[in-house]
Amino acid sequence: MSLNGTATITLDNSLQPPAIVNDRSLVITKQAGYSSVKPLFTLGRMLKDNGNFINYHICQDRPGDPLKDLEKFVRNPFQAGANDVNEHNAWTRVKFGAIPTIRNTFQEKILNPWTAGDENGPFRLLAVVNRMDIAGDIDSRGGGNFAGSERRWFGEGRLVFGLNQDVDGSTPYPMTLIMEYRLPALKETTVGSNTTYELDTSFDNVAGPAGNDAWRDGRARWAKLWRELSRYPHTDARYKALLLNIVKLFATGDNLLALRTGERVYDTSTSSFANEFEYREFYHNDQWNLATRKLRREPILCAQGSNSLKNRILEEWNPAANDFHFTFMLGERKLEQTEVDELSALCGNNQYPSPKGLPYGQDLNSGGYGLRAKFTRFNSSTLWTISNVNETRRHKTAAATCSGCHSTETGNSTVFHISPRLAGEDAQVSAFLTGPVQVNPNGTPYTLNELADRSTMLANFAARYDYSLDYPASHEQLYCNINPCSQTTYP
């Protein structure tokens, strides 16, 4: 059983397109708006839907493998997180962060209270988020499975959750969980002034659109649906019905990309929450379970004074756009021995046998050690001060990390961009997601207007704007219709 059913959406083309309202079409945190989504799309049911999809593929592709026990499957990522926390708490070498032993939130606040037979889990929905602004993205780390290994041609849709247990009657528990989905291909049928949108089951997610025009058409379909939400207030029944059908189209087991978690850590030595935060990612591994995975663009923090990090930044920089190539992921997965030696000296000391002074979890399943962190631990004032690169490259690198994006680079002292909420309230969003914000993380001022940028892109997508006209200045991922993108292929 899939949560999406057979969702279709019909728009009246005779109506003038609405002006985009950010909290209706981009970041939807009003419970009045997503009240239709909340009962059906619980985190537990979404994971179960993914388990059903995987069981189908076991029958088709791995008939000798046992089917997933769905109750265990939905708990598996949280058990993996709990195991990681226990291992890191017990680690006696180089650790992440300043708090040596933290509460195991995965175990104590998720697994323990999650009673058998409850398919929803101890979570509450906080937001529905449109991420068409990352259309064209691809996770270049390798080793991904299912949707996680394929390009996000039309962007992503996300559902953000918190825990349904509060610290007390006035403080939500400081943890969020994000279910991330690719936006699948849609097809359209026009009769008179009405156009109906539904899933395009013939679309090949590996090959992608047939060409640039087809790709622009595909993005336009999704953009028109998200934009249409701006026509109605959150309380309108038409808004609720439209948002529910949009979520039905993307939030299905076959489109699941990843689960991300973020929490303010609880220091067991002081029995209080600390000014440290921990962020993790969970992707399908080769056993088709959601397991922790090293972060895509988050190097170990102690690498910032190294030639190893500097060289990888320079290798992946696109001078024509004065930005990174969109496929950048801090270079090759495996560190060279010279890099291991340099980072060991910076991150700890060399008294230990291999991996010497590298932090917990930097070993790779394939052998050797990696630069990207197994998870990140940081505080609200963490600043990346990368040696021997100019300020533009430093800022772009830092803003691409979880620790930078959620703290100093975006001026976000609360760390959560979408904060946990109490049962009867709406989730609050950071200044970064509400309007222009002035930041000065490292002596250079920046004006960030994230929602305006996303709104412009949504309008451009709906109008079928040809981003190849921007070559080579920006939006490289939208004018390279191959995988992976290369400057030599366009124009």
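So, of the residues in segment 135-184 that are in contact with a Pro (Cβ under 8 Å, 6 or more places away or on another chain) and among the small types (Gly, Ala, Ser), which turns out to be modelled with the lowest pLDDT?
In this case the residue turns out to be SER140.
Which ones in segment 444-476 are at pLDDT 95 or above, assigned to a loop (DSSP other than H, G, I, E, B) and either aliphatic (A, V, I, L, M) or farther than 26 Å from TRP226 by Cα (or both)?
Within segment 444-476, THR444, PRO445, ALA463 meet the criteria.
Output the number of residues of segment 189-239 satisfying the condition of being touching a Ser or Thr at 6+ places or on another chain (Cβ under 7 Å) and at pLDDT below 95.
Total satisfying the criteria: 1.
In segment 435-456, which residues are in contact with a Leu (Cβ under 9 Å, 6 or more places away or on another chain) and either more than 25 Å from ILE386 (Cβ to Cβ) or surrounded by fewer than 16 Cβ atoms within 10 Å (Cβ to Cβ) (or both)?
GLY435, PRO436, GLN438, LEU451, ARG454, SER455
Of these, GLY44, GLY33, which one is modelled with pLDDT of 95 or more, among the small types (Gly, Ala, Ser) and within 22 Å of MET175 (Cα to Cα)?
Sole residue among the options that is modelled with pLDDT of 95 or more, among the small types (Gly, Ala, Ser) and within 22 Å of MET175 (Cα to Cα): GLY44.
Filter segment 54-84 down to the residues that are in a helix (DSSP H, G or I) and without any contact (Cβ under 8 Å) to a residue 24 or more places away in the chain, then identify the one that is farthest from ASN255 (Cα to Cα).
ASN83
Determine whether ARG372 is of a type in the set (Lys, Arg) and under 20 Å from the mean Cα position of the chain (by Cα).
For ARG372, the condition - of a type in the set (Lys, Arg) and under 20 Å from the mean Cα position of the chain (by Cα) - is met.
Yes/no matrix, rows are residues, columns are (1) in contact with a strand residue (DSSP E or B) (Cβ under 8 Å, 6 or more places away or on another chain); (2) β-branched (Val, Ile, Thr); (3) buried (at least 16 other Cβ atoms within 10 Å of the Cβ); (4) closer than 20 Å to LEU259 by Cα:
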{"residue": "LEU11", "(1), (2), (3), (4)": "yes, no, yes, no"}
{"residue": "ASN22", "(1), (2), (3), (4)": "no, no, yes, no"}
{"residue": "PRO63", "(1), (2), (3), (4)": "no, no, no, no"}
{"residue": "THR101", "(1), (2), (3), (4)": "yes, yes, no, no"}
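Conditions first: (1) surrounded by 14 or more Cβ atoms within 10 Å (Cβ to Cβ); (2) in contact (Cβ under 8 Å) with a residue 60 or more places away in the chain; (3) in contact with a Gly (Cβ under 9 Å, 6 or more places away or on another chain). GLU87 passes all but one, so which condition is the exception?
Result: GLU87 passes all but (1).
Can you name the strands (runs of 3 or more DSSP E) wholly within segment 157-271 that have at least 3 residues being under 25 Å from the mean Cα position of the chain (by Cα)?
The qualifying strands (runs of 3 or more DSSP E) are 175-182, 256-267.
Here's a check for you: in segment 272-281, which residue that is touching a residue at least 24 places away in the same chain (Cβ under 8 Å) and over 13 Å from the mean Cα position of the chain (by Cα) is nearest to HIS88 (Cα to Cα)?
Ranking the candidates gives GLU278 first.
How many residues does segment 386-413 hold that are over 20 Å from PRO319 (Cβ atoms) and crowded, with 16+ Cβ neighbours inside 10 Å?
12
Here are some conditions: (1) assigned to a loop (DSSP other than H, G, I, E, B); (2) without any contact (Cβ under 8 Å) to a residue 40 or more places away in the chain; (3) closer than 25 Å to HIS475 by Cα. GLN287 meets all but one. Which one does it not meet?
(3)
Which condition does ASN205 not pass, out of (1) touching an Asp or Glu at 6+ places or on another chain (Cβ under 6 Å); (2) buried (at least 19 other Cβ atoms within 10 Å of the Cβ), if it passes all the others?
(2) is the only condition that ASN205 fails.
Can you tell me which of (1) under 18 Å from LEU346 (Cα atoms); (2) modelled with pLDDT of 95 or more is the one SER387 doesn't meet?
Answer for SER387: the failing condition is (2).
So, PHE416, is that one under 18 Å from PHE273 (Cβ atoms), under 16 Å from the mean Cα position of the chain (by Cα) and either of a type outside the set (A, V, I, L, M, F, W, C) or crowded, with 21+ Cβ neighbours inside 10 Å (or both) or not?
When the stated conditions are applied, PHE416 passes them.
Give the residue, chosen from LEU314, LEU364, that is closer than 16 Å to GLY142 by Cα, of a type outside the set (D, E, K, R), over 21 Å from the mean Cα position of the chain (by Cα) and surrounded by fewer than 18 Cβ atoms within 10 Å (Cβ to Cβ).
Unique residue meeting the criteria: LEU364.
The values are calculated or read from the model by the stated rules, or taken from the named source; none is laboratory data. None of these values were measured; they are calculated from a predicted model. With ideal geometry, Cβ positions are generated from the backbone for all residues, glycine too; neighbour counts draw on all protein chains shown.
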